[in-house]
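Have a look at the structure below before the remarks.
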Amino acid sequence: MANSGSGDMTRAPSFSELFTPKLVTVLREGYGAAGLRTDAIAGLTVAIVALPLSMAIAIGAGAKPENGLYTAVVGGFLISALGGSRFQIGGPAGAFIVLMATTIERFGLSGLFMATIMAGFMMLAAGYLRLGAYVKYIPHPVTVGFTAGIGVIIFAGEIKDLFGLTLDHEPGPLAPKVAALWHAAPTLNLWATGVTALCLALILGLKRWNPNVPGLLIAVATGALLVFLFDLPVETIGSKFGGVPRSLPWPQIPDFPLSDIPELIPSAIAIAVLGSIESLLSAVVADGMTGRRHRSNCELVAQGYANIAAPFFGGLCATGTIVRTATNVRAHAKGPVSGMLHAVFLLLFMLIAAPLAIYIPLAALAAVLATVAWNMAERSQIALILRHDRGEAAVLVATFLLTVFRDLTEGIAVGVTLGAILFMHRMAQLVQVTSHQQWIEEDVGDDVNPRPPYAPAEGNGDILAYRIAGPFFFGAASTVAGVLDEIGARPKAFVLDLSAVPLADGAGAQALIGFATKAKRGGAKVYIAGAAPQVADTLVACGLDQKLVAYAADLVEARRLARSDLEAAAMA
């Protein structure tokens, strides 16, 4: 989407360059004791976060706590070792809870294992066929509505343990579940409710006091300590599951009838689609935090191998996880070794501390999942979409409601369809027809063969100008978001010429907000030139206001403003 000003004369990346893991890239760059020490600290930090989350997610899905740990150890190791992102952390994800629970309820745990293996092969095929670039075309309102819906379902599934309710059978669908929980209200366990309240207070209080403190682990450990010291009458991992094994099991083939495999195909497709979306979104988040760029197809291949391998060891669906990946970046990880070490540390925790797990109250783990569910609802994004655009709001609401009350895959399918219809409607309203646009951005080769930096339309070292042409919608957002990573120089001012952008949406605005924020941190100011009134209105409504950028009528005016501001700063 950016105008390079000259043809790209570099050769097309080879197959091996496209699918060489980022681990190899980091080792080629030179990796010594200092990097290993930093990655070890980051890996330990992530493992502390992953330990309670992995057990809580597994229990929430109807599996055993060790299944979540096996997923994080085996799947997490392979995702980091083979993936196309430097910082991705893999393991069980909250978004999978409902899908896993539904599959287990219909086909049993062995059925979930087999469906996960099938999904792994689908991810492999998608990666090797280079379909990863298409995942970014899922509209922003669909992902926001979907994750919010998943958050509601997860929270509803934890109400039983949050309050220690007694239920003979907990229905899967939300409406019957809520009715059953209401009828079980007289069985409220005040001790469990107290543990829940204490754990939530610790998690929220520690996050507010110091976000770097492992509040999830401290809350779970405190709950376990209270159970151990006072023998509280609450359900624990020991009372429900008998404890946690102290090692990985020997690999074995899932015991599932081959004749029933065709019935697993819908579940396998749902796991593959959701896993691909979740992992690539997580990789994009890591890119935004670090300025690096992942390779989507290589990442899908790693997800495929992880999901094929994990079930043989009793693991569940594995994917890149946003919370743990962000924690890894904030812990100053250097590369994939930190993710591999996070898996090793989790295995060591199992070997050393497994006997203590019997005291962990389910109410404490439910509190962990309740905070996960709350954080999955991107409230600021929901408010922006609902206020800004009725069409996108309709897509969000439809996706949310179908996810909550019908089915996950149905919610995504309908949301994407509505988003496509909305996009086609907007395209039909355009007066300008833009041709020769590259709608699909191809994967790039490894860092040994990087693409050349974007060439500015105009520039003198202090001010660089770039032109964005074509509809700036959700599909183009990730392309423009990579501009900072492509620029070798660090000017004092950027000018973005949007005169050839007939349309922008929320995802495009978020890409520019990220661009402007990074530039501001680097001491550069961003000027938006020539934006059409409807484009400017969209950008401002989504948060790209005068605090971040300056707007100008055209490129000449923007460059004049930039020169004037630089001269004023030099004289100050």
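The values are calculated or read from the model by the stated rules, or taken from the named source; none is laboratory data. Because the structure is a prediction, the values reported are computed rather than measured. Methodologically, a virtual Cβ is constructed for each residue, glycine included, from the backbone with ideal geometry; neighbour enumeration extends over all protein chains shown.
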Residue within the range 182-190 that is part of a helix (DSSP H, G or I), modelled with pLDDT of 85 or more, in the same structural domain as ALA377 (by TED's automatic domain parsing) and touching a Phe, Trp or Tyr at 6+ places or on another chain (Cβ under 6 Å) present: no
Conditions (1) over 29 Å from THR403 (Cα atoms); (2) in the same structural domain as THR71 (by TED's automatic domain parsing): number failed by THR193: (1)
Segments classed as helices (runs of 4 or more DSSP H), wholly inside the range 302-409, with at least 2 members that are outside the structural domain of ALA197 (by TED's automatic domain parsing): 379-388, 390-405
Any hit, the range 329-345, residues being within 13 Å of the chain's Cα centre (by Cα) and at pLDDT 90 or above: no
Some residue of the range 210-217 being part of a helix (DSSP H, G or I) and farther than 24 Å from MET350 by Cβ: no
Count of the range 68-84 residues which are crowded, with 24+ Cβ neighbours inside 10 Å, part of a helix (DSSP H, G or I) and among the small types (Gly, Ala, Ser): 5
One residue from GLU278, GLU299 being more than 28 Å from ALA34 (Cβ to Cβ), assigned to a helix (DSSP H, G or I) and among the acidic types (Asp, Glu): GLU278
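Residues are listed down the side, and each one gets a yes or a no for (1) modelled with pLDDT under 90; (2) more than 30 Å from HIS169 (Cβ to Cβ); (3) in a helix (DSSP H, G or I); (4) in contact with a Leu (Cβ under 6 Å, 6 or more places away or on another chain):
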{"site": "THR20", "(1), (2), (3), (4)": "no, yes, no, no"}
{"site": "LEU23", "(1), (2), (3), (4)": "no, yes, yes, no"}
{"site": "THR38", "(1), (2), (3), (4)": "no, yes, yes, no"}
{"site": "SER54", "(1), (2), (3), (4)": "no, no, yes, yes"}
{"site": "GLU66", "(1), (2), (3), (4)": "no, no, yes, no"}
{"site": "ARG86", "(1), (2), (3), (4)": "no, yes, no, no"}
{"site": "ILE104", "(1), (2), (3), (4)": "no, no, yes, yes"}
{"site": "THR116", "(1), (2), (3), (4)": "no, no, yes, no"}
{"site": "PHE121", "(1), (2), (3), (4)": "no, yes, yes, no"}
Total residues in the range 533-572, condition closer than 30 Å to ARG387 by Cα, among the β-branched types (Val, Ile, Thr) and surrounded by fewer than 18 Cβ atoms within 10 Å (Cβ to Cβ): 1
Any hit, the range 261-272, residues being within 19 Å of LEU369 (Cβ to Cβ), under 30 Å from the mean Cα position of the chain (by Cα) and assigned by TED's automatic domain parsing to the domain that holds LEU112: no
Residues (among the charged types (D, E, K, R) and under 9 Å from SER338 (Cα atoms)) located in the range 37-58: ASP39
Residue that is within 25 Å of THR116 (Cα to Cα), in contact (Cβ under 8 Å) with a residue 40 or more places away in the chain, touching a strand residue (DSSP E or B) at 6+ places or on another chain (Cβ under 6 Å) and not charged (D, E, K, R), where the choices are THR325, THR321: THR321
Boolean, ASN375 is touching a residue at least 12 places away in the same chain (Cβ under 8 Å) and surrounded by fewer than 24 Cβ atoms within 10 Å (Cβ to Cβ): yes
Among the residues listed as LEU174, LEU202, the single one being over 24 Å from ILE237 (Cα atoms), crowded, with 16+ Cβ neighbours inside 10 Å and not hydroxyl-bearing (Ser, Thr, Tyr): LEU174
Residue ID - surrounded by the fewest Cβ atoms within 10 Å (Cβ to Cβ), chosen from residues in the range 128-155 that are more than 18 Å from the chain's Cα centre (by Cα) and more than 19 Å from VAL397 (Cα to Cα): LEU129
Looking only at the range 180-199, and only at residues there that are among the small types (Gly, Ala, Ser) and surrounded by 12 or more Cβ atoms within 10 Å (Cβ to Cβ), the one that is nearest to GLY149 (Cα to Cα): ALA180
Selected residue (only one of TYR527, TYR454 is at pLDDT below 85 and farther than 30 Å from VAL416 by Cα): TYR454
ALA185 being of a type in the set (A, V, I, L, M) and farther than 28 Å from GLU378 by Cβ: yes
Candidate set: the range 160-169, residues that are in contact (Cβ under 8 Å) with a residue 12 or more places away in the chain and surrounded by fewer than 19 Cβ atoms within 10 Å (Cβ to Cβ); chosen: the one farthest from SER276 (Cα to Cα): THR166
